[in-house]
Amino acid sequence: MKYENIVHGKFHSRPNRFIARVWVGESLETVHVKNTGRCRELLLPDAKVILEVSDNPHRKTKYDLICVYKPGLGWVNIDSQAPNKVVREWLEKQDYTLIKPEYTYGESRIDFYMERVDSRGSVQKCLMEVKGCTLEIEGIGYFPDAPTERGVKHLRELTKTVEEGFWCYAVFVVQMEGIHEVRANVATHKEFGDALEAAKAAGVKILCLGCRVTEDMLEVDAEYALI
């Protein structure tokens, strides 16, 4: 996926999880943050950031904060909408005959429902939940960077559907380069780590997708071993 209209800025502050104050040239702008996670290790004073210019003239904020430069690591895409977009692009290159985003199942809305035909001619029904990873500690990616009851709920839904014959996947999209492993951030949310382990034990396949990240682009370029 590619951003069509970007500008460079310098991070100033984050009054709340939805907005930030960013220097764009000599102007201090209020911008929308496309990530409700903490991002504390990224959004530091004077950090270099990338903003996408909104194409909606009626919005209160002109810019979306989409990318942050982390010294020693490079650009980190923090756009929470980007993982689903790049996974959709990646899925379209696989052998699925049907791909449906935002699929309602049980009490949850799962990111993707897919179908494919196996070697015996049978239709495999698949469900996939996507998570974006932006937290890096000593070369390892961690998820989540803030407690996520929604994430726990989705893992439990996937765990149940395996028993009903679905092929289920939990996919972590690494929104930064050079990270080849993602772990559950149990220090922040132990319940998510427990739910992930239960999902793995039940047969949910855990996948880690590495990405090429530039100032204006995010693209899946590697599939790593299970977590």
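The values are calculated or read from the model by the stated rules, or taken from the named source; none is laboratory data. Only a predicted model underlies this, so the values are computations on that prediction, with no experimental measurement involved. Cβ sites come from the backbone with ideal geometry, for glycine too, and all protein chains shown count toward neighbours.
Here is a yes/no grid of residues against (1) out of contact with any His (no Cβ under 9 Å at 6 or more places or on another chain); (2) charged (D, E, K, R); (3) over 22 Å from R17 (Cα atoms):
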| residue | (1), (2), (3) |
| --- | --- |
| T61 | no, no, no |
| N84 | yes, no, no |
| V87 | yes, no, yes |
| V117 | yes, no, yes |
| C126 | yes, no, yes |
| K131 | no, yes, no |
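How many of the residues making up segment 39-76 are over 18 Å from the mean Cα position of the chain (by Cα) and either assigned by TED's automatic domain parsing to the domain that holds E138 or not aliphatic (A, V, I, L, M) (or both)?
15
Cβ contacts < 6 Å: first residue in the same structural domain as C126 (by TED's automatic domain parsing), restricted to segment 170-185; second residue of a type in the set (K, R), any location; separation 6+ or different chain. Result?
F172/K131
When only residues in segment 21-38 that are at pLDDT 95 or above and hydroxyl-bearing (S, T, Y) count, which is farthest from the chain's Cα centre (by Cα)?
S27
Only one of these conditions is not met by S54: (1) buried (at least 16 other Cβ atoms within 10 Å of the Cβ); (2) at pLDDT 95 or above. Which number is it?
In the conditions (1) buried (at least 16 other Cβ atoms within 10 Å of the Cβ); (2) at pLDDT 95 or above, S54 misses (2) alone.
Please state which one of D79, D46, D64 is under 29 Å from T148 (Cα atoms) and in contact (Cβ under 8 Å) with a residue 60 or more places away in the chain. So that I can check it myself, show each step before the final result.
Values: D46 fails: in contact (Cβ under 8 Å) with a residue 60 or more places away in the chain; D64 fails: in contact (Cβ under 8 Å) with a residue 60 or more places away in the chain.
D79 is the lone residue from the list that is under 29 Å from T148 (Cα atoms) and in contact (Cβ under 8 Å) with a residue 60 or more places away in the chain.
Kindly indicate the residue of segment 5-31 that is touching a strand residue (DSSP E or B) at 6+ places or on another chain (Cβ under 8 Å) and part of a loop (DSSP other than H, G, I, E, B) and also farthest from E219 (Cα to Cα) among those meeting that condition.
Taking the candidates together, the pick is P15.
Among the listed residues L196, L207, L158, L127, which satisfies the condition of being closer than 29 Å to K70 by Cβ, surrounded by 22 or more Cβ atoms within 10 Å (Cβ to Cβ) and not assigned by TED's automatic domain parsing to the domain that holds I50?
L196 is the lone residue from the list that is closer than 29 Å to K70 by Cβ, surrounded by 22 or more Cβ atoms within 10 Å (Cβ to Cβ) and not assigned by TED's automatic domain parsing to the domain that holds I50.
Quickly run through segment 106-123 and pick out the residues that are over 19 Å from the mean Cα position of the chain (by Cα), surrounded by fewer than 16 Cβ atoms within 10 Å (Cβ to Cβ) and part of a strand (DSSP E or B).
The answer is E115, V117, V123.
Is it the case that E102 is under 19 Å from the mean Cα position of the chain (by Cα) and free of Cβ contacts under 8 Å to residues at least 12 places away in the same chain?
Values: under 19 Å from the mean Cα position of the chain (by Cα): yes; free of Cβ contacts under 8 Å to residues at least 12 places away in the same chain: yes.
Criteria met by E102.
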